[in-house]
Structure formats: structure tokens, C-alpha cells
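Chemist: Encoded as C-alpha cells, here's the structure I'll be asking about.
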Amino acid sequence: MSQEDRHPPVLQVVGYSNSGKTTLITKLLVYLSAQGYRIGTIKHDAHDFEVDKPGKDTWRHREAGASLVSITSAQKTAIMIQEYRTIEELLPLYKDMDVVLIEGYKFADYPKIVVLRHSEHVELMENVTSVLAVATWERLEKIGHPQYDVNDIEGIAGILLAHLKGETQ
């Protein structure tokens, strides 16, 4: 594998809508960034989304037919591609990161933290693969995987860091 083909380790955070995935990821970002880790994120949206403001230059470029639009300033760069991209197609963009946290893509086969807000959400566990741990809002019985309170950021980050170091399955 060439240097260009390499990408950092990936960890997914999956769960049903409003389970707390975004909140968990943002807390992990704060915790891990404070320890010096460079983290990239990929968010899957099941619906159409808009990141550009109607009437602005980049919006006008896209509306006029550009397939790829970039905007850059001294502080940041954004790239908008007018078509779907798989995780694997996006990962080369993250090659300089220490880890990539993916929100969503329940059925992709990367190591996962599954967020369960309610006991009736446990059925999700039957359909996902590569579960490292479960983050729950209430203690659940018979999960079959390490279980953490959703607010135990240090514990959840610990399982992530252990995985990065090859200390977990």
C-alpha cells in the first residue's frame, strides 16, 4: 500500500436518530484533541443537506453546474462534491489524521461504538458488526459487549485509544 493509499484508523459511532451520536462525538473530540490527537470526522446524513448559502459565490458556482467547488481562506478550506462518495473514497483526504470518527453508516464494517438511548433500541445490536463497545443512557442487560454510560467520555475514549494501540479485538 502506497503512502497515498494509507488512511488512519476509523471508528464509527452509530445509533438511531436522536440517540446522542453527535453529542458523544463532540465530547470525544474535545477530550482527544486536548490530548494532542488530530481527529477527522465524517457524518452520514440520510437526507439531503445544504452547507452552502443561497446566493453566495460557491452556491452560484454549484447551481451553474460545477461538479466540484472549493473555497479557501487563510483559516479553512471547504470542498463540495456534487455526488455521493463512499467512506473509502473519502478516507484518503484524512491521511494526516490520527483517527477518523464516523457518525452513522450503521452497516459499514468498521469498529463501532453503538449508542443506545432506550432499551427498545437494543435490537440494533443484531444488525451491526464490529462492535467495540456500547454507550447507553441507562444500564441494559445482556448486551454482550463492554457497556459505558454515554457520559463516561474517559472510559469510551479509553476503549477507542486501546483499539488504536491494538489492545482490543
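Chemist: Quick check on segment 148-155. Is at least one of its residues within 30 Å of ASP57 (Cβ to Cβ), of a type in the set (S, T, N, Q) and in a loop (DSSP other than H, G, I, E, B)?
Modeler: At the first step, the residues of segment 148-155 found to be within 30 Å of ASP57 (Cβ to Cβ) are none.
No; the residues of segment 148-155 include none that is within 30 Å of ASP57 (Cβ to Cβ), of a type in the set (S, T, N, Q) and in a loop (DSSP other than H, G, I, E, B).
Chemist: Scanning segment 130-147 for residues that are among the small types (Gly, Ala, Ser) and in a loop (DSSP other than H, G, I, E, B), which turns out least open to solvent (accessible area, probe 1.4 Å)?
Modeler: Filtering first and then ranking leaves SER130.
Chemist: For residues in segment 3-29 being open to solvent by less than 50 Å² (accessible area, probe 1.4 Å) and under 15 Å from TYR94 (Cα atoms), which is modelled with the lowest pLDDT?
Modeler: Here is the first cut: in segment 3-29, the ones open to solvent by less than 50 Å² (accessible area, probe 1.4 Å) are 8, 10-15, 19-21, 24-25, 28-29.
If we keep only those that are under 15 Å from TYR94 (Cα atoms) too, we end up with 8, 10-12.
Numbers: PRO8: 87, VAL10: 93, LEU11: 95, GLN12: 95.
Among those residues, the one meeting the criterion is PRO8.
Chemist: Let me ask something additional. Considering each residue of segment 79-129, count those that are assigned to a helix (DSSP H, G or I), under 25 Å from ASP52 (Cβ atoms), of a type in the set (A, V, I, L, M, F, W, C) and open to solvent by less than 60 Å² (accessible area, probe 1.4 Å), and give that number.
Modeler: Going through segment 79-129 one residue at a time, the tally reaches 3.
Chemist: Here is a list of conditions, (1) farther than 26 Å from VAL13 by Cβ; (2) not in a loop (DSSP other than H, G, I, E, B), and GLY55 meets all of them except one; can you say which number that is?
Modeler: For GLY55, the failing item is (2).
Chemist: For ALA74, state whether it is exposed (fewer than 10 other Cβ atoms within 10 Å of the Cβ), more than 29 Å from GLU138 (Cα to Cα) and modelled with pLDDT of 85 or more. Spell out how you get there, then give the answer.
Modeler: On the way: exposed (fewer than 10 other Cβ atoms within 10 Å of the Cβ): yes; more than 29 Å from GLU138 (Cα to Cα): yes; modelled with pLDDT of 85 or more: yes.
So ALA74 passes the test.
The values are calculated or read from the model by the stated rules, or taken from the named source; none is laboratory data. Being a predicted model, the structure only gives us computed values, none of them experimental. Positions of Cβ are backbone-derived with ideal geometry, glycine not excepted, and every protein chain shown enters the neighbour counts. Heads up: the accessible areas ignore ligands, DNA and RNA and are worked out on the full protein's heavy atoms, side chains in. Shrake-Rupley method; radii C 1.70, N 1.55, O 1.52, S 1.80 Å.
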